[in-house]
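See below for the structure under consideration.
Read-outs throughout are calculated quantities, based only on the coordinates presented, and are distinct from any laboratory measurement. None of the values given here were measured: they were computed from a predicted structure. Please note: Cβ atoms are built from the backbone with ideal geometry, for glycine as well, and neighbour counts cover all protein chains shown.
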Amino acid sequence: MKRTLTTVFLLTALSATAVCQRRGGRGFGAQEALPTARGEQEAKILAALDEAVKAGELYANVPVSDGMMLRILAESVNAKNVVEIGTSTGLSGLWFSLALDKTGGRLTTFELDAGRAATALAHFKKAGVDRLVTIVQGDAHETIKRLKEPIDVVFIDAEKEGYVDYLNRLLPLVRPGGLILAHNIDMVPDYYKVVTTSADLATVVYAQGGGLAVTLKKR
């Protein structure tokens, strides 16, 4: 287990350097380049991501560097059950789908805004991954009460004042050795304090793209 965790966090550091390369002629322009696809399904997902960014959907979504990290971490822990708070238009869900297509897992993603949820569903269908994703529309502080199964990975990327509440509600369901990821951590000092002072958690911050806190629920 120690070797696995070392590998995961080493990948975090290496990826922060690797994704700084730029490639012209794509929808990302001056943004980070998409990775090279392996296989037809991966190419389809990456094409959907590229199209969404060309349409100007980077707002309220993860940049490529953070999206790649979501995929790397989920696949590294062989995630079967991923929970996301804050679907937005589905870009982070597409990144998770790259991993879940390999692990045989599923994503349950919660979104308050009906319009964004509908756009995300359209992206998932276009990418051919809607079979892997369940979108729950409504107030996630209430709808996450429906969750009962053990969770491998949680990703929090919603209203910042709600981060600690989401953590408190979902942490009991996260399996020992599971991960809690939080985006834009630089904007949520109260959350950062909780995940860096609890004896039950171990946290590192991946600073590329606005700050992604990677928290391990200790065994």
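Assuming R0 = 30 Å, what is the FRET efficiency of Ala122 and Ala199, from their Cβ-Cβ distance, to the nearest 0.05? Display every interim value, and only then the final one.
Numbers: r = 44 Å, r/R0 = 1.45.
According to the calculation, E is roughly 0.10.
Classify region 56-212 as rounded, prolate or oblate from the Cα gyration tensor: take a ≥ b ≥ c as the square roots of its eigenvalues, call it rounded if a/c is under 1.5, otherwise prolate when a/b beats b/c and oblate if not.
rounded
If you place +1 on the Cβ of every Lys and Arg, -1 on the Cβ of every Asp and Glu, and leave all else neutral, what size is the dipole of region 68-219 about its Cα centre, to the nearest 20 Debye? Spell out each step's value before the answer.
Details: 18 positive and 17 negative charges, 121 e Å.
With only Lys, Arg, Asp and Glu charged at Cβ, the dipole is about 580 debye.
Please arrange Arg116, Arg71 by counting, for each residue, the other beta carbons lying within 10 Å of its beta carbon, fewest first. Provide the component values of the computation, followed by the final result.
On the way: Arg116 20, Arg71 23.
Going from sparsest to densest Cβ surroundings: Arg116, Arg71.
Please rank Ser198, Ser97, Ser92, Ser76, fewest neighbouring Cβ atoms within 10 Å first, as an exposure proxy.
Values: Ser198 15, Ser97 33, Ser92 25, Ser76 19.
The order, fewest Cβ neighbours first, is Ser198, Ser76, Ser92, Ser97.
For Gly211, what residues show an amide H to amide H distance below 5 Å, using hydrogens built from the backbone and excluding near sequence neighbours?
The list, which skips near neighbours in sequence, is Asn184.
Give me Thr196, Thr87 sorted ascending by neighbouring Cβ count inside 10 Å, so fewest comes first. Spell out each step's value before the answer.
Working: Thr196 14, Thr87 32.
Final ranking by Cβ density, sparse to dense: Thr196, Thr87.
Once the Cβ-Cβ distance between Arg175 and Arg38 is put in as r, and R0 is 41 Å, what FRET efficiency do you end up with, to the nearest 0.05? Present the calculation step by step, with values, prior to reporting the outcome.
Working: r = 28 Å, r/R0 = 0.69.
Computed FRET efficiency for Arg175 and Arg38 comes out at 0.90.
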